[in-house]
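Data block below; observations after.
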Amino acid sequence: MASARIPAGVARRTAREIDEALRHAAAMAGDAPSVHNTQPWRWHVADGALELWADRDRQLRVADPVGRMLTVSCGTALHHALVALAAQGLRPAVVPLPDPARPDLLARVTVSGNAPITSADIRMYDATALRRTDRRPVSPDRMDETTMQALANAARPHGAVLRYLTRDRVAAVAELAAAATEAQQADEAWRAELRRWTGDPGTSGTGVPDVNLPERPVRNPVPERDFGRRGTLPVGDEPGGEPVYAVLCGEEDRPAGWLAAGQALSALWLTAGELGVSVVPVSSVIEVPVTRRALRDLLGSTTWPYLVLRLGLTDPRERGPLATPRLPADRTVDEA
Ligand SMILES: Cc1cc2nc3c(=O)[nH]c(=O)nc-3n(C[C@H](O)[C@H](O)[C@H](O)COP(=O)(O)O)c2cc1C
């Protein structure tokens with residue numbers, strides 16, 4: 001007899017098999033991108049439910065005191081877990097922020113039934129292992145309209161909108177990014193925090209290693225994070241192309257909006273991989289309150305900016321970046 005807590009649609013699977021599938025999804029979510037590769041999430045699997053918790057021990061207390069980037073990062077992990085469930089033929093049901101008394105419980109995922117596994121599900125799942133933050137210059141070939149539309153379409157169902165920036169607005173965002181970078185660099189506490197998350201990762205399984213940072217500064221219209229160190233990622237001598245910029249936006253500057261933004265970011269980033277598009281977040285503008293508000297004003301004050309993104313076709317002329325390290329699953333997935 002099927003256990004009472006197994007929905008009828010998945011009755012062919014035992015409770016243990018469902019918990020196993022949830023645990024697998026949580027482990028696969030470890031490949032998700034996160035600010036400074038902090039992986040600030042913790043999963044708890046029990047009784048047919050997968051809970052996503054914020055791990056405040058890995059929050060950037062200086063750069064991200066309210067946990068905006070932490071929550072966006074957890075949203076990318078949530079989307080990765082849902083992709084892994086779809087690839088196992090399971091239809092997930094998600095309740096974001098299910099308990100107001102426990103705000104660090106960001107989502108509860110259950111399985112509502114079986115679902116046919118489509119080729120798109122498999123492609124998305126494969127993309128989770130291949131996706132990288134590629135900080136090299138983009139290719140001189142421009143992205144076409146269809147590709148840009150496909151990225152926006154990938155983000156939209158998750159509750160965040162990808163707004164492409166006109167040239168004028170790129171110039172304005174460049175000024176904001178420069179101001180944000182200057183403000184952060186002037187703060188010794190910020191620099192100390194950055195140092196803790198960059199360079200030789202040792203066995204920590206977190207942080208941004210030198211092999212993922214360009215061997216020489218890459219000039220882009222919008223200044224990107226200055227990690228304060230020269231990396232070893234080969235960049236090549238050929239000049240790169242001109243990137244396209246977009247802002248991931250939504251209706252609320254609160255955890256629900258940030259979590260949705262993370263899911264949208266993951267969805268568009270995995271789609272980007274399939275289309276040969278590189279995605280580099282530029283989060284300094286959002287991290288610094290005064291530039292975040294200025295960006296909101298620039299966008300017309302009707303929307304909240306969650307993340308600025310540099311987009312462009314991946315340059316195939318050089319080898320791309322390696323995978324950054326990850327925490328072992330037993331550090332992020334709790335046993336029941
Ligand atoms: C919310 C968020 C903000 C990020 N901000 C930046 C950024 O400002 N600059 C940057 O170079 N990378 C940024 N990244 C990329 C992370 O550094 C990257 O995901 C992490 O180091 C893991 O590497 P991977 O994406 O290659 O797996 C950000 C990622 C996320 C999810």
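For this structure, a couple of remarks:
- Scanning segment 65-89 for residues that are within 12 Å of the ligand (Cβ to nearest atom) and in contact with a Pro (Cβ under 7 Å, 6 or more places away or on another chain) yields Leu70, Thr71, Ser73, Cys74, Thr76.
- In summary, Val308 fulfils each of the numbered conditions (1) assigned to a loop (DSSP other than H, G, I, E, B); (2) surrounded by 15 or more Cβ atoms within 10 Å (Cβ to Cβ); (3) assigned by TED's automatic domain parsing to the domain that holds Ser204 with the single exception of condition (1).
- Qualifying residue in segment 137-153 (condition: touching a residue at least 12 places away in the same chain (Cβ under 8 Å), under 18 Å from Val72 (Cα atoms) and not assigned by TED's automatic domain parsing to the domain that holds His44): yes
- Residue in segment 30-38 that is among the small types (Gly, Ala, Ser), surrounded by fewer than 18 Cβ atoms within 10 Å (Cβ to Cβ) and either over 16 Å from the mean Cα position of the chain (by Cα) or not in a loop (DSSP other than H, G, I, E, B) (or both) present: no
So that you can scan it fast, the table gives a plain yes or no per residue for (1) outside the structural domain of Leu176 (by TED's automatic domain parsing); (2) surrounded by 18 or more Cβ atoms within 10 Å (Cβ to Cβ); (3) within 10 Å of the ligand (Cβ to nearest atom):
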residue: Cys249; (1), (2), (3): no, yes, no
residue: Pro255; (1), (2), (3): no, yes, no
residue: Leu270; (1), (2), (3): no, yes, no
residue: Trp304; (1), (2), (3): no, yes, no
residue: Thr324; (1), (2), (3): yes, yes, yes
residue: Pro328; (1), (2), (3): yes, no, no
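- Qualifying residue in segment 188-199 (condition: more than 28 Å from Ala256 (Cα to Cα), within 15 Å of the ligand (Cβ to nearest atom) and not in a helix (DSSP H, G or I)): yes
- Selection count, segment 200-229, where residues are under 24 Å from Val308 (Cβ atoms), surrounded by fewer than 15 Cβ atoms within 10 Å (Cβ to Cβ) and either at pLDDT below 90 or within 14 Å of the ligand (Cβ to nearest atom) (or both): 4
- Residue satisfying all of: in segment 106-120; hydrophobic (A, V, I, L, M, F, W, C) and either touching a strand residue (DSSP E or B) at 6+ places or on another chain (Cβ under 6 Å) or part of a helix (DSSP H, G or I) (or both); surrounded by the fewest Cβ atoms within 10 Å (Cβ to Cβ) among these: Ala120
- In this structure, Val109 does not qualify as outside the structural domain of Glu287 (by TED's automatic domain parsing), under 18 Å from the mean Cα position of the chain (by Cα) and hydrophobic (A, V, I, L, M, F, W, C).
- Residues of segment 282-316 classified as more than 14 Å from Val138 (Cα to Cα) and within 17 Å of the chain's Cα centre (by Cα), total: 10
- Of all residues in segment 16-64, none satisfies the criterion of being within 15 Å of the ligand (Cβ to nearest atom), under 15 Å from Ala87 (Cα atoms) and without any contact (Cβ under 8 Å) to a residue 40 or more places away in the chain.
- Of the numbered criteria (1) in the same structural domain as Ala26 (by TED's automatic domain parsing); (2) over 20 Å from the mean Cα position of the chain (by Cα), the one Leu82 fails is (2).
- Scanning segment 259-269 turns up no residue that is among the aliphatic types (A, V, I, L, M), in contact (Cβ under 8 Å) with a residue 24 or more places away in the chain and in a loop (DSSP other than H, G, I, E, B).
- In segment 72-89 there is at least one residue matching the filter, namely being at positive phi, part of a loop (DSSP other than H, G, I, E, B) and touching a strand residue (DSSP E or B) at 6+ places or on another chain (Cβ under 6 Å).
The values are calculated or read from the model by the stated rules, or taken from the named source; none is laboratory data. Owing to the predicted nature of the structure, the values given are computational and were not obtained by experimental measurement. All Cβ positions, even for glycine, are placed from backbone atoms using ideal geometry, and neighbour counts span all protein chains on display.
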